[in-house]
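The values are calculated or read from the model by the stated rules, or taken from the named source; none is laboratory data. On a predicted model such as this, the values are computed, not experimentally measured, just so you know. Ideal geometry is used to build each Cβ from the backbone, glycine not excepted, and the neighbour counts take in all protein chains shown.
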Amino acid sequence: MRQLNPAITDHFEESAAERDKKRAKSVRWLITPSSGLLFLWMAIPLAMTIWFSFSRYNLLNPDVKGFAGFDNFEFLVTDPAFGPSIGHTLTLIISVLAITVIGGVLLAVLFDRKFVGQGIARLLVIAPFFVMPTVSALIWKNMILHPVYGLVASLMRSLGLQPIDWFADYPLFAVIVIVAWQWLPFAFLILFTAIQSLDQEQKEAARIDGAGPFSMFFFITLPHLKRAIAVVVMMETIFLLSIFAEIYTTTGGGPGTATTNLSYLIYALGLQQFDVGLASAGGILAVILANIVAFFLVRMLAKNLKGEYES
């Protein structure tokens, strides 16, 4: 069999390499404008926030200006509302994650079985995710949890019980319920998609071997959903760090600071007390906290992916 001249082969290889380099160079030139615009879109607000966080800048007292150093951060950390706001933020995140992950897994297992009206029921489960946060907060505040006209109050009166003013007596619990109601469909969609990819032959083999429903759930279904649960936890945690509309619409951070999380505290400092310096310092702390959380969540997800591929 005749063989190609090595010189010709090398020439073709060099030509292909040159074409790849030219193509990569042209692609870089094409994405440079959009990448530069995206970088400016993120860098300019961040740079301004950092600048204001080290400055004395109060809109009610514009004559007082200058470099504040770390005074804004010191005042923020020693603010009586700062500690509770961090606690409320963590409580909100952990509670909503627990409700949505457990509820999402149970709903995914339920909808994995065929039953009459499954399509309509699935639509009703997904629907809250498409309702705007402000609208859902108003629905829960005025139609469901209202102490006089709400559905829960009517149900309690029909049972001979005294209605509860949820937003006055249990405000943080009420906010958690609203936020969990919004994010449960997201968890359900991710987990239901994952459970659909479960090998039916594996389930059938386990059923033939005598595995009951609980054994199949804990030893087959739940391990299969491990990666999907990690995705839900990561995505929801990042978004739950910035929950604001539900608190603003229902409780206004109160009573007192009972529902003030970090996002609402930043709003109160910047747009109620008009202290841009303190609000910017809070924003920087929020960015640092979000990046720390994202770092550990991404590592957790990467570890799950690595373990799955190795197995």
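Condition check ((1) in contact (Cβ under 8 Å) with a residue 40 or more places away in the chain; (2) polar (S, T, N, Q)) across all residues:
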{"site": "45", "(1), (2)": "no, no"}
{"site": "56", "(1), (2)": "yes, no"}
{"site": "65", "(1), (2)": "no, no"}
{"site": "89", "(1), (2)": "yes, yes"}
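Return the residue satisfying two criteria in turn: it lies in region 52-110 and is more than 22 Å from residue 177 (Cα to Cα) and of a type in the set (S, T, N, Q), and of such residues it is surrounded by the most Cβ atoms within 10 Å (Cβ to Cβ). Only one residue tops the list, namely 72.
Scanning region 149-176 for residues that are part of a loop (DSSP other than H, G, I, E, B) and over 33 Å from the mean Cα position of the chain (by Cα) turns up 159, 160, 161, 162. Looking at the structure I just gave you, is residue 48 aliphatic (A, V, I, L, M), in a helix (DSSP H, G or I) and surrounded by fewer than 11 Cβ atoms within 10 Å (Cβ to Cβ)? So residue 48 does not fit the description; no.
Of all positions in region 132-148, at least one carries a residue that is free of Cβ contacts under 8 Å to residues at least 24 places away in the same chain, among the hydrophobic types (A, V, I, L, M, F, W, C) and surrounded by 13 or more Cβ atoms within 10 Å (Cβ to Cβ). Residues in region 149-176 that are among the aliphatic types (A, V, I, L, M) and without any contact (Cβ under 8 Å) to a residue 60 or more places away in the chain were compared, and the one that is surrounded by the fewest Cβ atoms within 10 Å (Cβ to Cβ) is 159. The set of residues in region 175-197 being closer than 16 Å to residue 231 by Cβ and not small (Gly, Ala, Ser) consists of 183, 184, 185, 186, 188, 189, 190, 191, 192, 193, 195, 196.
Report yes if some residue within region 227-247 is over 21 Å from the mean Cα position of the chain (by Cα) and either modelled with pLDDT of 90 or more or over 19 Å from residue 264 (Cα atoms) (or both); otherwise report no. Quick ask: steps written out before the conclusion?
From region 227-247, those over 21 Å from the mean Cα position of the chain (by Cα) are none; that's our starting set.
No, region 227-247 has no match at all.
May I ask you to verify whether residue 40 is out of contact with any strand residue (DSSP E or B) (no Cβ under 7 Å at 6 or more places or on another chain), in a helix (DSSP H, G or I) and modelled with pLDDT under 90?
yes
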